[in-house]
Amino acid sequence: MERETTVERTMLVNAGPEVVWKALTEPDLNKLYMAGWMGLSSWKRGDLLRWMEKQGDETVQQAQGTVMESLPGRRLRYTCYKPSSGLPDEPASYTTVDITLEVERDGRTRLSLWHGDFAGLPQDVRRAREAGREWVEKLVGLKRVAEEQQGQMAA
């Protein structure tokens, strides 16, 4: 049952872990693949993380959480709550995103993502499937952005 209420994705990126990290944590880069959302945080353990989106002249908060682990180039773990979920802003409504980066022998970076646990939330399986589909899109974009950044560094 747990598998149905969590999201697990892995992909290889033709860029070093420091470049992938930059794409994960720099607002100008993550907005390119996060549907316009920018992650604003100091990215230090215990700090607030706000996902903001520019809408016309306004900047609107789309999600929030707390950085749980931040090891540059290796691991990023944070909680996430979307007000649009219709759930109350309380600890039980938050999910956790855990991203690890590992260098492969050929120099590529293996990115592993775990997002959960949706168990206990209303319509948990549907929410997990939705998140899984969203992550596929975002990870493909992250790969593109990181590889473009790597290419610019090599040029």
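The values are calculated or read from the model by the stated rules, or taken from the named source; none is laboratory data. Note that this is a predicted model, so its numbers are computed, not measured. Neighbour counts run over all protein chains shown; Cβ positions are idealised from the backbone, glycine included. The area values use the complete protein model at the heavy-atom level, side chains included, leaving out ligands, DNA and RNA. Shrake-Rupley method; radii C 1.70, N 1.55, O 1.52, S 1.80 Å.
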Legend entry - Residue that is least open to solvent (accessible area, probe 1.4 Å), among those in the stretch 1-41 that are among the small types (Gly, Ala, Ser) and within 22 Å of residue 83 (Cα to Cα): 39
Inset, instruction - Might you let me know whether the stretch 30-40 holds any residue that is assigned to a loop (DSSP other than H, G, I, E, B), under 16 Å from residue 146 (Cβ atoms), touching a Gly at 6+ places or on another chain (Cβ under 6 Å) and in contact (Cβ under 8 Å) with a residue 12 or more places away in the chain? - result: yes
Inset, instruction - Taking residue 63 as meeting all but one of (1) farther than 20 Å from residue 20 by Cα; (2) aliphatic (A, V, I, L, M); (3) in contact (Cβ under 8 Å) with a residue 40 or more places away in the chain, write down the number of the exception. - result: (3)
Inset, instruction - Determine whether the stretch 87-95 contains at least one residue that is under 30 Å from residue 153 (Cβ atoms), in a loop (DSSP other than H, G, I, E, B) and in contact (Cβ under 8 Å) with a residue 12 or more places away in the chain. - result: no
Legend entry - Pair list, Cβ < 6 Å and 6+ apart or interchain, from the stretch 113-135 residues that are surrounded by 15 or more Cβ atoms within 10 Å (Cβ to Cβ) to residues that are of a type in the set (Lys, Arg) and not in a strand (DSSP E or B): 118/127; 121/127
Legend entry - Subset of the stretch 118-154 [in contact with a strand residue (DSSP E or B) (Cβ under 7 Å, 6 or more places away or on another chain) and among the basic types (Lys, Arg)]: 143
Inset, instruction - Within the stretch 1-20, count every residue that is closer than 29 Å to residue 119 by Cα and either in contact with a strand residue (DSSP E or B) (Cβ under 9 Å, 6 or more places away or on another chain) or at pLDDT 95 or above (or both). - result: 9
Legend entry - Residue count for the stretch 65-88, restricted to those that are open to solvent by 40 Å² or more (accessible area, probe 1.4 Å) and more than 12 Å from the chain's Cα centre (by Cα): 11
